[in-house]
1. Could you tell me the ratio Rg/Rh of the chain? Both radii from Cα atoms, Rh via Kirkwood.
2. Calculated from DSSP H runs of 4 or more alone, at -39500 (n - 2.57) each and per residue, what is the 222 nm mean residue ellipticity of the chain, nearest 500?
3. Take the solvent-accessible surface of the protein heavy atoms, probe 1.4 Å, and return the percent of it on the chain that carbon and sulfur atoms account for.
4. Quick check for you: with a 1.4 Å probe and neighbouring chains kept, what is the accessible area per residue of segment 9-54, in Å²?
5. Whole number please: convex hull volume per residue, Cα atoms of segment 30-70, in Å³.
6. At 0.36 nm per residue, and after removing the present C-alpha to C-alpha distance, how many nm does the segment from Glu49 to Gln22 gain when stretched out fully?
7. To the nearest 10 degrees, how steep is helix 57-67 against the longest Cα principal axis of the chain, on a 0 to 90 scale?
8. Evaluate E = 1/(1 + (r/R0)^6) for Ala35 and Glu66, where r is the Cβ-Cβ distance and R0 equals 25 Å; express this FRET efficiency to the nearest 0.05.
Amino acid sequence: MTHNDHPREGAPKTVVCPICGQQFTCGMSSSCWCATRVVPEPVRRSLAERYETCVCSACLDRLIEEANGE
C-alpha cells in the first residue's frame, strides 16, 4: 500500500490525489491496485510523512520511477 499499509481495510472509496488533484478509487485493502506496485521504502516514508491519503497510480508510478533512477 502507499500509505500506512491501510491499517483499517474497508470499502473502496473515491480519493483526490494530493499531488495532481486527479480522482481515483482507493481499494483500502490488500487487493487495491497499489498492492501490485513495488514501492521503495524511501518513497513509502516520504508519502506517509507528507500526505494523509494515497496518491493516484500515475503519481505513484512516477515517484517509483524517479526513486529507481528511470
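The values are calculated or read from the model by the stated rules, or taken from the named source; none is laboratory data. The shown structure was predicted, so the numbers you read here are calculated from the model rather than taken from an experiment. Neighbour counts run over all protein chains shown; Cβ positions are idealised from the backbone, glycine included. Ligands, DNA and RNA are excluded from the accessible area calculation, which covers all protein heavy atoms including side chains. Shrake-Rupley method; radii C 1.70, N 1.55, O 1.52, S 1.80 Å.
1. 0.93
2. Numbers: 2 runs with 21 residues, N = 70.
It comes out at -9000 deg cm²/dmol, rounded to the nearest 500.
3. Details: 2020 of 4370 Å².
Accessible surface attributable to carbon and sulfur in the chain totals 46 percent.
4. Values: 2930 Å² over 46 residues.
Spelled out: the 1.4 Å probe surface of segment 9-54, per residue, equals 64 Å².
5. 73 Å³
6. On the way: separation 27, 0.36 × 27 = 9.72 nm, distance 2.02 nm.
So the chain would gain 7.7 nm between Glu49 and Gln22.
7. For helix 57-67, the angle is close to 30 degrees.
8. 0.75
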